[in-house]
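J.: Supplied in structure tokens, the structure appears directly below.
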Amino acid sequence: DAKTTQPPSMDCAEGRAANLPCNHSTISGNEYVYWYRQIHSQGPQYIIHGLKNNETNEMASLIITEDRKSSTLILPHATLRDTAVYYCIVKTGANNLFFGTGTRLTVIP
Amino acid sequence: KAGVTQTPRYLIKTRGQQVTLSCSPISGHRSVSWYQQTPGQGLQFLFEYFSETQRNKGNFPGRFSGRQFSNSRSEMNVSTLELGDSALYLCASSPITQGDTQYFGPGTRLTVL
């Protein structure tokens, strides 16, 4: 069952930061927040994950609130190639990811 | 490292036939999970194999089955195909533990006529 809530769509101007929110108010203490994206009909691409600390890698930053009930994925300088559906997933220990409907991010030139 | 590979990439079958899809995980990965993606239901978990044993199973009928070989390659089989089985079938691999990150392949697009 869905444990996350995301806006269905967002637009972002090219070159600006894209901030994608996710609510996961029922997250448990040992559950991670994962972000994947899917560019039209390709396999989902792993972006980043975190437990309670903020995380950054070459693709994005993940900001998790102190109470862990929400998080934000930040793409610092969005490009047209970042247009995709972004999925926020709360992952238990098992490898059965539940993908909700995600956020369709459109980067506008 | 090479990524997850899936074959074939596209497949057309007719109702009542059966189909076998193949997935080769990232080298060293021992867990393989399968997912189905349709426009109506989105991405749904089918099952996971680890060390040649099914470790987790989603809510799909018995027509959907899978197996894993000793080299961690996996196959999934769908028998008695229905029109509703038309979908993108995705395979994901992860190293060892269930807490590891899963990496997805490009998928196999199955069309049932």
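J.: Looking at A:Leu51, A:Leu20, which one is more than 27 Å from B:Tyr10 (Cβ to Cβ) and within 11 Å of chain B (Cβ to nearest Cβ)? Can you show your working first?
T.: Details: A:Leu20 fails: within 11 Å of chain B (Cβ to nearest Cβ).
Of A:Leu51, A:Leu20, the one residue that is more than 27 Å from B:Tyr10 (Cβ to Cβ) and within 11 Å of chain B (Cβ to nearest Cβ) is A:Leu51.
J.: Moving on. Do you know which residues across the stretch A:45-70 are under 12 Å from the mean Cα position of the chain (by Cα) and under 22 Å from A:Val107 (Cα atoms)?
T.: A:Gln45, A:Tyr46, A:Ile47, A:Ile48, A:Met59, A:Ala60, A:Ser61, A:Leu62, A:Ile63
J.: Those residues that are closer than 13 Å to B:Ile96 by Cα and small (Gly, Ala, Ser), I need them from the stretch B:21-63; list them, please.
T.: Result: B:Ser27, B:Gly28, B:Ser31, B:Ser33, B:Ser51.
J.: Test B:Ile12 against the stated conditions and say whether it is in contact (Cβ under 8 Å) with a residue 24 or more places away in the chain, more than 9 Å from chain A (Cβ to nearest Cβ), touching a strand residue (DSSP E or B) at 6+ places or on another chain (Cβ under 8 Å) and not in a strand (DSSP E or B). It would help to see each step written out before you state the result.
T.: Values: in contact (Cβ under 8 Å) with a residue 24 or more places away in the chain: yes; more than 9 Å from chain A (Cβ to nearest Cβ): yes; touching a strand residue (DSSP E or B) at 6+ places or on another chain (Cβ under 8 Å): yes; not in a strand (DSSP E or B): no.
Against the criterion (in contact (Cβ under 8 Å) with a residue 24 or more places away in the chain, more than 9 Å from chain A (Cβ to nearest Cβ), touching a strand residue (DSSP E or B) at 6+ places or on another chain (Cβ under 8 Å) and not in a strand (DSSP E or B)), B:Ile12 does not qualify.
J.: Condition check: of a type in the set (S, T, N, Q), in contact (Cβ under 8 Å) with a residue 24 or more places away in the chain, within 14 Å of chain B (Cβ to nearest Cβ) and buried (at least 16 other Cβ atoms within 10 Å of the Cβ). Does A:Thr83 satisfy that? Lay out the reasoning, then the answer.
T.: Working: of a type in the set (S, T, N, Q): yes; in contact (Cβ under 8 Å) with a residue 24 or more places away in the chain: yes; within 14 Å of chain B (Cβ to nearest Cβ): no; buried (at least 16 other Cβ atoms within 10 Å of the Cβ): yes.
In short, no.
J.: Restricting attention to the stretch B:80-100, does a residue exist that is in contact (Cβ under 8 Å) with a residue 60 or more places away in the chain, closer than 30 Å to A:Gly50 by Cβ and more than 14 Å from chain A (Cβ to nearest Cβ)?
T.: Among the residues of the stretch B:80-100, not one is in contact (Cβ under 8 Å) with a residue 60 or more places away in the chain, closer than 30 Å to A:Gly50 by Cβ and more than 14 Å from chain A (Cβ to nearest Cβ), which makes the answer no.
J.: Counting only residues that are in contact with a Pro (Cβ under 9 Å, 6 or more places away or on another chain) and under 12 Å from A:Tyr87 (Cβ atoms), give me the strands (runs of 3 or more DSSP E) lying completely in the stretch A:1-50 with at least 1 of them.
T.: On the way: elements: A:9-13, A:18-23, A:32-38, A:45-50.
Passing ranges, in order: A:18-23, A:32-38.
J.: Still on this model: Is it the case that some residue within the stretch B:51-61 is over 23 Å from A:Ser41 (Cβ atoms) and touching a Gly at 6+ places or on another chain (Cβ under 9 Å)? Give the steps one after another, and end with the answer.
T.: Start the filter on the stretch B:51-61 by keeping residues that are over 23 Å from A:Ser41 (Cβ atoms), which leaves B:51-57, B:59, B:61.
Checking the rest, the ones that are also touching a Gly at 6+ places or on another chain (Cβ under 9 Å) come to B:54.
Yes, some residue in the stretch B:51-61 is over 23 Å from A:Ser41 (Cβ atoms) and touching a Gly at 6+ places or on another chain (Cβ under 9 Å).
J.: Would you check if B:Leu46 is more than 10 Å from chain A (Cβ to nearest Cβ), modelled with pLDDT of 95 or more and either crowded, with 19+ Cβ neighbours inside 10 Å or not in a strand (DSSP E or B) (or both)?
T.: On the way: more than 10 Å from chain A (Cβ to nearest Cβ): no; modelled with pLDDT of 95 or more: yes; either crowded, with 19+ Cβ neighbours inside 10 Å or not in a strand (DSSP E or B) (or both): yes.
No; evaluated as a whole, the condition is false for this residue.
J.: If the Cβ limit is 6 Å and pairs must be 6+ apart or interchain, which residue in the stretch A:93-107 that is part of a loop (DSSP other than H, G, I, E, B) pairs with which residue that is among the aliphatic types (A, V, I, L, M)?
T.: A:Leu97/A:Ile89; A:Phe99/B:Leu43; A:Gly100/A:Ala2; A:Gly102/A:Val85
The values are calculated or read from the model by the stated rules, or taken from the named source; none is laboratory data. Bear in mind that the values here come from a model prediction, so they are computed numbers and not experimental data. Positions of Cβ are generated from backbone atoms using ideal geometry, with glycine treated the same way; all protein chains shown enter the neighbour counts.
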